[in-house]
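Take a look at the structure set out below.
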Amino acid sequence: MASAAGGYPTVAVVDYVYGCMKANGETRTALENCSCSIDVIASILPYERYEAAETFRSLGFQTGERGALFRQSAPAKSAVAELSRAQAEAEVRCF
């Protein structure tokens, strides 16, 4: 599988940029800002930690006890907080 920014699989980079552009407008400027953003995140977080945080975040949307495990456990909180810090840094640098 091909890899892009910081060793992230291309599909992960494209998925991030696509979601970012949906949230920020589908313009050339949004493309540039969102591409910058995933590059910054990749420079801060190895892909394995990014993937874990995204998994915790997405599974945390489940309701009830299942979702609580992915929202409230120490590893989940730590991973999501680390991703949030990387995203905040990306926001500062790119937007």
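The values are calculated or read from the model by the stated rules, or taken from the named source; none is laboratory data. Quick caveat: nothing in here was measured; it's all calculated off a predicted structure. Neighbour counts are summed over all protein chains in view; Cβ atoms, including those assigned to glycine, are modelled from backbone coordinates with ideal geometry. When the accessible area is computed, the model is the full protein with side chains, heavy atoms only, and any ligands, DNA or RNA have been set aside. Shrake-Rupley method; radii C 1.70, N 1.55, O 1.52, S 1.80 Å.
Within region 87-95, is even one residue in contact (Cβ under 8 Å) with a residue 24 or more places away in the chain and closer than 20 Å to VAL11 by Cβ? Checked against the condition, which is being in contact (Cβ under 8 Å) with a residue 24 or more places away in the chain and closer than 20 Å to VAL11 by Cβ, region 87-95 yields at least one hit. The set of residues in region 53-80 being under 20 Å from GLY6 (Cα atoms) and among the small types (Gly, Ala, Ser) consists of ALA53, ALA79. Is one or more of the residues making up region 64-72 of a type in the set (Lys, Arg) and at pLDDT below 95? The answer is yes, given that some residue of region 64-72 is of a type in the set (Lys, Arg) and at pLDDT below 95. A Cβ distance below 7 Å, combined with a sequence gap of six or more or placement on separate chains, defines the contacts here; from region 40-57, residues that are open to solvent by less than 50 Å² (accessible area, probe 1.4 Å) reach residues that are acidic (Asp, Glu) and assigned to a helix (DSSP H, G or I) in the pairs VAL40/GLU89; LEU45/GLU82; ALA53/GLU82.
Annotation: of all residues in region 9-44 being of a type in the set (Asp, Glu) and over 14 Å from the mean Cα position of the chain (by Cα), the one that is nearest to CYS94 (Cα to Cα) is GLU32.
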